[in-house]
1. Would you call Val186 crowded, with 24+ Cβ neighbours inside 10 Å, under 28 Å from His255 (Cα atoms) and modelled with pLDDT of 95 or more?
2. So, of the residues in segment 60-79 that are in contact with a Phe, Trp or Tyr (Cβ under 9 Å, 6 or more places away or on another chain) and in a loop (DSSP other than H, G, I, E, B), which turns out to be surrounded by the most Cβ atoms within 10 Å (Cβ to Cβ)?
3. Considering only residues of segment 102-137 that are assigned to a loop (DSSP other than H, G, I, E, B) and at pLDDT 95 or above, which is surrounded by the most Cβ atoms within 10 Å (Cβ to Cβ)?
4. Taking the conditions exactly as written (in contact (Cβ under 8 Å) with a residue 12 or more places away in the chain, in contact with a Leu (Cβ under 9 Å, 6 or more places away or on another chain) and crowded, with 21+ Cβ neighbours inside 10 Å), does Leu284 satisfy them or not?
5. Can you report the number of residues in segment 379-396 which are outside any loop (DSSP other than H, G, I, E, B) and surrounded by fewer than 21 Cβ atoms within 10 Å (Cβ to Cβ)?
6. Within segment 309-324, which residues are in a helix (DSSP H, G or I) and not hydroxyl-bearing (Ser, Thr, Tyr)?
7. Counting only residues that are under 29 Å from the mean Cα position of the chain (by Cα), give me the strands (runs of 3 or more DSSP E) lying completely in segment 501-616 with at least 1 of them.
8. What are the pairs with Cβ atoms under 8 angstrom where one residue, in segment 581-593, is under 8 Å from Pro555 (Cβ atoms) and the other, located anywhere, is modelled with pLDDT of 80 or more and loosely packed, with under 15 Cβ neighbours inside 10 Å? Sequence gap at least six, or different chains.
Amino acid sequence: MPDNPKMIAFARWCAERGAPVAPDGSDYDALWRWSVTQTADFWTSVRDFFEVSLEGTPTTVLSGQMPHARWFEGTRLNYVDQIFRRPLSDGPAVIDAAESAADGAGFEERVLSWSELARQVGAFAATLRELGVTRGDRVVGYLPDIAEAIVAFLASASIGAVWSSCGQDYSPDAAANRFGQLRPVVLVAADGYRFGGRGRDRREAVEVLLERLPTVRAAFLVPRLGSGAVSGFRPWRQAVAAQAELVPERLPFEHPLWVLFSSGTTGRPKGIVHGHGGVLLEHLKSLGLHLDLRAGDRFAWYTTPSWMVWNYRVSGLLLGATVVCYDGSATYPSPDALWALAARHHITFLGASPGFVAACEAAGVQPAARHDLRSLRAFGSSGSHLPASAYEWIRTRVGEHVEVHSASGGTDVVTAFAGGAPILPVRPGELSGPSLGVALEAWDPAGRPVRGQTGELVITRPMPSMPLYFWDDADGSRYHDAYFSAYPGVWRHGDWVTMTRRGTVIVNGRSDSTLNRQGVRMGSAEIYQAVEALPEVAEALVIGAEQPDGGYWMPLFVQLAEGAELTDALIERITSAIRDGASPRHVPDDVVAVEAVPHTITGKKLEVPVKRILQGTEIEQVADRGSIDNPSALQRFAEYRAERTRTGRVVEARR
């Protein structure tokens, strides 16, 4: 446990004001129960503890039920106000870092002080006003993870404009599929980004994107690589040149803050709209209490503006923490690049994907032996299951003092449903517990809560960061169908989880791609953990597909390591590993080699689209190609299904 965690201070503060929690603040279960049974009191306490400045007296803290719950009606605020409420200083607010360049196009790391950040945000806000941008207008960013993305977002939010962004690894068509729905009036883009030791020139893509967005009235180009001008774009330096005071506008509590997009694996990406007040309260709670983030900390999480973690990390500024951006590959120029970054900038909280940890482990990286990581207090992981072995690797290779925060949440609520807490023990392979304010349960098919067995992840009480609505969903039908069609008035997230009897949470996989053999539900995580530990297997994808004749087909697709072949001996090793590591029921019907396992651009395996392809759906109907890291990889699964259907037998697919 960290020294004097803020969560204990919060619990004691609440106890002094009559909350039914332990006076010494040490009982997390009591604190959580109060947070989900007396919801309005809990979120009022979060507001008061973090001294959120609200204008007006709420007519009610919480009214209505999901999906129509409303928070703090009658009040006004601005997310940006909370960031700049402290006296401005010359201390670092944003550190803008990038990988080293092998192509000779060097890049100097930059630091924006709190004073300079406020100046640039005020300047761009003034530029937006001069362009006639008003409340509710949309400003979009096609940018790498750089300081300018933060400036543009905060400036937009300060005047009531709505922000949306994606990284430049998206194609211009994929970006337009998202931004075009919003009908934006301003576009901010960069001339390129860094990855794998060289600059990736995106001027042509930027120009194409602008053509695809006919509603844009003004576009600004950030010279990230210094590659040159782009037709139709104004220089970014002009946009932030003014000396203008930053005066955030007070907005209704639920005024839209940003639009995040679903992954696009089930059709056109859905625009998910979140509000100023809900995000502000949720992120103060999550970052301030669960991550124990505070002023002076340095907060880094390897991400892109395409992923909700970017938005989550920016909110570190709400607590007075320094936010560290990183433009580049997590494993260049060496597999320990992020650990070097953490040492260089004395990062206190570093986040990355389970895949990054696995890559470090496979490469034999020794972070603590090579780098001074004494400042690093915690490591965060999200996006997929963090196996138990990763906890041990962090303990022995990074440091026993580094607490592991594995979390599971979603773009839908831009936070974690479950994860770590400074007053809970860390159990390898498990999430420490449901987050405060999250009425998380696992339900069986009859809608009954279950413990110690896998069930559907549901949320039974409103959270302030739940979507206000989906973009272009006037009657709310798409929003309702996404979360509330299975259990009226209860949020069904689409994950299988196990609520253990000791209070921890185990995420077993997506419920709509869940394996279900003979009525026994299984998640995919255990299979991946067993198979991907084999040196011959680079990555795996398992699918459980219901068949028209009532049968059930469960193939395992493996991307082999370089030089490996899918021999009978290797298939036996794979099935034995699954049988020993999970159960005989987990052993697949077929083991098939593929050139690549497809993912979303943010790194999630495309289990659901592949399942639908194997069930006969055309590729174009199951996925937006622009949101996939390797669209051609999907074709292999369509060919495999066609061959299997034609021959009625298992297809030999060895390499």
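The values are calculated or read from the model by the stated rules, or taken from the named source; none is laboratory data. Remember, it's a predicted structure, so these values are computed and weren't measured experimentally. Heads up, the Cβs are rebuilt from the backbone with ideal geometry, glycines too, and the neighbour counts pull from every protein chain shown.
1. Numbers: crowded, with 24+ Cβ neighbours inside 10 Å: yes; under 28 Å from His255 (Cα atoms): yes; modelled with pLDDT of 95 or more: yes.
Answer is yes for this residue.
2. Thr75
3. Of all residues in segment 102-137, those assigned to a loop (DSSP other than H, G, I, E, B) come to 102-109, 131-137.
Filter once more, keeping what is at pLDDT 95 or above: 131-137.
Values: Leu131: 15, Gly132: 10, Val133: 23, Thr134: 13, Arg135: 13, Gly136: 11, Asp137: 21.
Out of the qualifying residues, it is Val133.
4. Values: in contact (Cβ under 8 Å) with a residue 12 or more places away in the chain: yes; in contact with a Leu (Cβ under 9 Å, 6 or more places away or on another chain): yes; crowded, with 21+ Cβ neighbours inside 10 Å: yes.
It is true that Leu284 is in contact (Cβ under 8 Å) with a residue 12 or more places away in the chain, in contact with a Leu (Cβ under 9 Å, 6 or more places away or on another chain) and crowded, with 21+ Cβ neighbours inside 10 Å.
5. Going residue by residue through segment 379-396, those that are outside any loop (DSSP other than H, G, I, E, B) are 379-381, 388-396.
Now narrow it down to the ones that are surrounded by fewer than 21 Cβ atoms within 10 Å (Cβ to Cβ): 388-389, 391-393, 395-396.
The number of residues fulfilling the criteria is 7.
6. In the first step, residues of segment 309-324 are kept if they are in a helix (DSSP H, G or I); the result is 309-319.
Hits for segment 309-324 are Val309, Trp310, Asn311, Arg313, Val314, Gly316, Leu317, Leu318, Leu319.
7. Where strands (runs of 3 or more DSSP E) fall fully within segment 501-616 and carry at least 1 residues being under 29 Å from the mean Cα position of the chain (by Cα), they are 505-510, 515-517, 520-522, 537-542, 555-560.
8. That search, which allows pairs on different chains as well, returns nothing.
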